[in-house]
1. What helices (runs of 4 or more DSSP H) lie completely within segment 1-88 and have 3 or more residues being of a type in the set (Gly, Ala, Ser) and modelled with pLDDT of 85 or more?
2. Name every residue in segment 108-127 that is part of a helix (DSSP H, G or I) and surrounded by fewer than 20 Cβ atoms within 10 Å (Cβ to Cβ), in order of residue number.
3. Give segment 68-125 a look and list any residue that's touching a Ser or Thr at 6+ places or on another chain (Cβ under 6 Å) and within 22 Å of Lys27 (Cα to Cα), or say none.
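The values are calculated or read from the model by the stated rules, or taken from the named source; none is laboratory data. Note that the coordinates shown come from a computational prediction; the quantities given were computed from them, not determined experimentally. Neighbour counts run over all protein chains shown; Cβ positions are idealised from the backbone, glycine included.
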Amino acid sequence: MNAFDNSDFEKHKAEAKEKWGKTEAYKEYEEKTKSYSNQKWSDLVEGLDHIMAEFALCLKNDETPDCVTAQELVKTLQDYITENYYLCTNEILAGLGQMYVADERFTKNIDKHADGTAEFICQAIKVYCNK
C-alpha cells in the first residue's frame, strides 16, 4: 500500500516551491534531488510509505505516541528526510507533523494505513521535538 499519492506531483511540487522556495532547506532539496531518476523517486516513496506503515502498526497495537517504538520511528523519519531530501531539523519536523493533520491531502494519504495514523505521527513528533 502506498500512503503517498503522487498523481498530482507536479502541482504539489509547484505549491511547495511557492511556499518554501526561498528557504535553505528547499535549496538543499533541489540540489540533492536534481539527478534522482524515476526509480529513485519511486524507491523514496516506498521507503517513506514503509515508515508510515510502521507508525500505523504502533497505533493498531494501542501504543502511545510517547512510546519507545514511536519515538524511534520519529527519529527514523527525520533521518530519512535528511538523508534523501534536506536537513530535517526539529523545527522543520514539527512543521511536517502539523502539516500531516492540517492538510487533508496528507491526512487522507497517511490514514490509508489506519484511521488516525496522521494524528498519531503528529503527536509522536510533538513529543520528540519537545524533549
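1. Details: elements: 9-20, 24-33, 38-60, 68-84.
So the answer is 38-60.
2. Here is the first cut: in segment 108-127, the residues part of a helix (DSSP H, G or I) are 108-110, 117-127.
Hits for segment 108-127 are Lys108, Glu119, Gln123, Lys126, Val127.
3. Cys88
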